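*Asks:* Before I ask anything, let me first share the structure, which is written out below as C-alpha cells.
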Amino acid sequence: MPEKITLKDLDENQLKTTEVRNSETVVVCTCLDTDPTLEIMGYILEKYEKTIIDELVKMIKRINGYGGVIVMDSQNQPAIEAMKDAIAQNQTEVQLEIKLAERKMMLAEPSALISYLELGKALGFDYQSETEKLTFKDRPVLIISGEALINQDTDGIQNNPKIRCYQITGEGIGKCIVEDRADLKISTLLEKNNINLESVKAVNVGGLCGQLLNRTGSEIAIDDNFSGSIQVLTEKNCMVDFLKNVLEILKSESCGTCSLCRQGLLQIYFMIKDITAKKGRPNDVKDMLEIAEAIATTANCDFGKNAAALIISSVVNFEDEFEKHIDRGRCDALVCKKMITYHILGEKCQGCGACISVCPHNAIAGSDKMIHVIDQEKCDQCGDCLSECIKAGYLAIVAAGGVKPKTPAEPVPVGSFKKQGLGLRGKKKS
C-alpha cells in the first residue's frame, strides 16, 4: 500500500518543507470559490489559467506524482473551456483531469472535497485524527489552491511576500478585486483603495466563514486561513441583520455529520431572526454564545469551527448593538423592519394619494389635498409607501427608529401643518 499523506503534507503553507516522493500521489488543485459571495477565483482563472497549469505540472513532476485533478465551478463554462485549452497548450505527459463541482462552503474542507469528488456528497470529518482515510481513488492526495500555485517559484517555494487577491465590497464601494501583498493590514489595504476608515463601522474578513471585526480589528493582517474577502460595513449596516443573512446561508451548508453543527446553526439563526423581528429574549446573547462555543468545540471540521467563530466575533464585538435590539427594540441603522416606524411629514406631504394606493393594509388615511397620516397599529413596516413617495418626488415619508417626528394626528389640509423649532405642531387657526 502507498504511504498515506499526513495533515502536515496537506497544508499548502508548509509545502516548502514537504518531501513527498510517491508515484501514487494525486495533486488536487482547487480552482473554486466555495463561498457563494466570492468571485476571486474567477478573476484568478481569467488572468492566471496558464500559470496554474504550468505550476501544477511542475509540482506533479517534482514529487513524481501520479497526476492532477483540477476542481472547477460547474457554472463557469468560459473558464472550463479556457482551462481545457491551457492543458492542451502545455503539451504535458502528466495526466490531468478537470472535475466540476457546485459552489458549496463545505468543499473548503479537505475531507469534504474528496468525499464530494468520489461520492458526490460533501461530508466533513476530523482530518486531524482521521487523515489516514483521506485518499482519492485509493491514492494519497496533496491538496493545493490555484492561488497558492501562482505564488510558487520554480523550486516550489512560496514567494515571500505572497501576493493575494482581495475582493472588497461594501456600501458605496460596489465590488472590486485587487492584488496586493498578503501581509498587509486590513486598514492599509482599505486606505490604498481610497476607503475612508472613519466611515468604517465593521469589517467582515474571510467571507461567510470569516470573522466580523470592529474598526480596531482592521489593524490586523488577514490570516492565511481566511479567503481574501473584505466586506466593509458602515453605520448604515445593522450587525444583527448581517449575522442573520450570513446564517441564512450557513444553516443549509452544514453537511449534517455533526448534529450540533447543523442544529446549533439553525437554532442560532431562529434566535437572530426573532431578535430582528422584535421578539428577542433577555438571555439570547448568552445562549447564542454558549451554542456557538459548543459548536466550535465539537465540530469535526473547520466549517463548523469557522462558522462558530463568525457568530462569536459578531456578538462579542457588537454586543451593545445586539442588546439594544433585544432590550429596547431599537435598530439605529434602520434596517430591521419591525423596529422601524414610517411617518408622513406634514410640511412636505402634497396629498397626492400615491402612498395610499400601494399600502397593502389600508393603514394610511387621507384624501386629495389632505395631509396623509399612517395608522401605526395597522402598518406592517413593508416600506412600500416610502418607495412610492420617493418615486413621486415628494420625499414626504421617512423611516424612524428611537426618535419619531411629530405629525398630524389626523388628516388636515395641505399647507396647514408647519415645522417649528425642534418639533412639528399644527398651525393655529386664526
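The values are calculated or read from the model by the stated rules, or taken from the named source; none is laboratory data. What you see is a predicted model, and the numbers here were worked out from it, not measured in a lab. When we count neighbours, we look across all protein chains shown, and the Cβ atoms used for this are built from the backbone with ideal geometry, even at glycine. Note: areas computed on protein heavy atoms with side chains; ligands, DNA, RNA excluded. Shrake-Rupley method; radii C 1.70, N 1.55, O 1.52, S 1.80 Å.
*Asks:* Residue by residue through region 205-254, note down the ones that are charged (D, E, K, R) and assigned to a helix (DSSP H, G or I).
*Replies:* Selection gives Arg215, Glu219, Asp241, Lys244, Glu248, Lys251, Glu253.
*Asks:* How many of the residues in region 36-79 are among the aliphatic types (A, V, I, L, M), more than 25 Å from the chain's Cα centre (by Cα) and over 18 Å from Ile150 (Cα atoms)?
*Replies:* Number satisfying all stated conditions: 0.
Per-residue answers, yes or no, for (1) within 21 Å of Leu113 (Cα to Cα); (2) at pLDDT 95 or above; (3) open to solvent by 60 Å² or more (accessible area, probe 1.4 Å):
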| position | (1), (2), (3) |
| --- | --- |
| Leu32 | yes, no, no |
| Glu39 | yes, no, yes |
| Lys50 | no, no, yes |
| Leu56 | yes, no, no |
| Tyr66 | yes, no, yes |
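*Asks:* If we keep just the residues of region 204-238 that are touching a Lys or Arg at 6+ places or on another chain (Cβ under 8 Å) and under 29 Å from Leu32 (Cβ atoms), which is most open to solvent (accessible area, probe 1.4 Å)?
*Replies:* Ile220
*Asks:* Kindly indicate whether Val69 is in contact with a Phe, Trp or Tyr (Cβ under 8 Å, 6 or more places away or on another chain) and at negative phi.
*Replies:* Spelling it out, Val69 is indeed in contact with a Phe, Trp or Tyr (Cβ under 8 Å, 6 or more places away or on another chain) and at negative phi.
*Asks:* Give Gly172, Gly206 a once-over and let me know the one that is of a type in the set (Gly, Ala, Ser) and closer than 21 Å to Tyr43 by Cβ.
*Replies:* Checking each option against the conditions leaves just Gly206.
*Asks:* Something else: Quick check: anything in region 333-341 assigned to a helix (DSSP H, G or I), within 21 Å of Gly206 (Cα to Cα), in contact with a Cys (Cβ under 7 Å, 6 or more places away or on another chain) and touching a residue at least 12 places away in the same chain (Cβ under 8 Å)?
*Replies:* no
*Asks:* Answer with yes or no whether Leu250 is open to solvent by less than 30 Å² (accessible area, probe 1.4 Å), more than 23 Å from Leu334 (Cβ to Cβ) and either β-branched (Val, Ile, Thr) or touching a residue at least 12 places away in the same chain (Cβ under 8 Å) (or both).
*Replies:* Judged against the criteria, Leu250 is a match.
*Asks:* Which of the residues that make up region 356-407 are closer than 30 Å to Lys324 by Cβ, assigned to a loop (DSSP other than H, G, I, E, B) and open to solvent by less than 30 Å² (accessible area, probe 1.4 Å)?
*Replies:* Cys359, Ala363, Cys379, Gln381, Gly383, Ala396, Gly401
*Asks:* Here's a follow-up. Which of the residues belonging to region 259-296 are farther than 20 Å from Asp241 by Cβ, small (Gly, Ala, Ser) and either crowded, with 17+ Cβ neighbours inside 10 Å or touching a residue at least 24 places away in the same chain (Cβ under 8 Å) (or both)? Working first, answer last.
*Replies:* Kept after step one, since they are farther than 20 Å from Asp241 by Cβ, are these residues of region 259-296: 259-264, 282-283, 286, 290, 293-296.
So of that shortlist, the ones also small (Gly, Ala, Ser) come out as 259, 264, 294, 296.
Gly264, Ala294, Ala296 - these are the residues of region 259-296 that are farther than 20 Å from Asp241 by Cβ, small (Gly, Ala, Ser) and either crowded, with 17+ Cβ neighbours inside 10 Å or touching a residue at least 24 places away in the same chain (Cβ under 8 Å) (or both).
*Asks:* Report, ordered by the first and then the second residue, all pairs with beta carbons closer than 8 Å, sequence separation of six or more or different chains, a first member in region 315-328 that is open to solvent by 20 Å² or more (accessible area, probe 1.4 Å), and a second member that is basic (Lys, Arg).
*Replies:* Within 8 Å, the pairs are Lys324/Arg330; Ile326/Arg281.
The rows are residues; the columns are (1) within 30 Å of Glu171 (Cα to Cα); (2) of a type in the set (Asp, Glu).
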residue	(1), (2)
Asp327	yes, yes
Ala333	yes, no
Lys337	yes, no
Ile344	yes, no
Glu347	no, yes
Cys355	yes, no
His361	no, no
Ile371	no, no
Cys382	yes, no
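*Asks:* Can you name the helices (runs of 4 or more DSSP H) wholly within region 38-122 that have at least 3 residues being farther than 30 Å from Ser254 by Cβ and not aromatic (Phe, Trp, Tyr)?
*Replies:* The helices (runs of 4 or more DSSP H) meeting that bar are 40-62, 77-90.
*Asks:* So, one more: Specify which of the listed residues (Glu93, Glu118, Glu81, Glu109) is under 27 Å from Ala307 (Cβ atoms), without any contact (Cβ under 8 Å) to a residue 24 or more places away in the chain and either acidic (Asp, Glu) or touching a Gly at 6+ places or on another chain (Cβ under 8 Å) (or both).
*Replies:* Numbers: Glu93 fails: under 27 Å from Ala307 (Cβ atoms); Glu81 fails: under 27 Å from Ala307 (Cβ atoms); Glu109 fails: without any contact (Cβ under 8 Å) to a residue 24 or more places away in the chain.
After applying the criteria, what remains is Glu118.
*Asks:* Another question, then. If I ask for residues that are in contact with a helix residue (DSSP H, G or I) (Cβ under 7 Å, 6 or more places away or on another chain) and surrounded by fewer than 23 Cβ atoms within 10 Å (Cβ to Cβ), which ones from region 299-309 would you list?
*Replies:* The answer is Ala299, Lys305, Ala309.
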